[in-house]
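Heads up, the thing below is written out as structure tokens.
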Amino acid sequence: MPPPPGPLVQLTADSLLVNAGNCTVVRALIQNVAAGWLDGEPIVGGYKEKSVCPCTNTTYNLEA
């Protein structure tokens, strides 16, 4: 019997470099983990996306 699949924790964005005032979509995908949060917001059903429009250099965090 093969071992169960390992955890999948993925964070992507439509654009990695966004000029101030422009927007992009950040997406989080998690599988085979107990829970996950994108910038402190819970990820329900293993997937979360949000539109962001940063005015300064910004880091987005995915925790699982």
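Here are a few things to note about the model shown:
- Members of segment 37-64 found to be within 10 Å of the chain's Cα centre (by Cα) and of a type in the set (S, T, N, Q), listed by number: N61
- One residue stands out among those in segment 14-64 that are within 22 Å of P4 (Cα to Cα) and not aliphatic (A, V, I, L, M): the one that is surrounded by the most Cβ atoms within 10 Å (Cβ to Cβ), which is G36.
Read the figures in this text as sums done on the coordinates, not as results from a lab. Bear in mind that the values here come from a model prediction, so they are computed numbers and not experimental data. Every residue, glycine among them, receives a Cβ derived from its backbone with ideal geometry; neighbour counts consider all protein chains shown.
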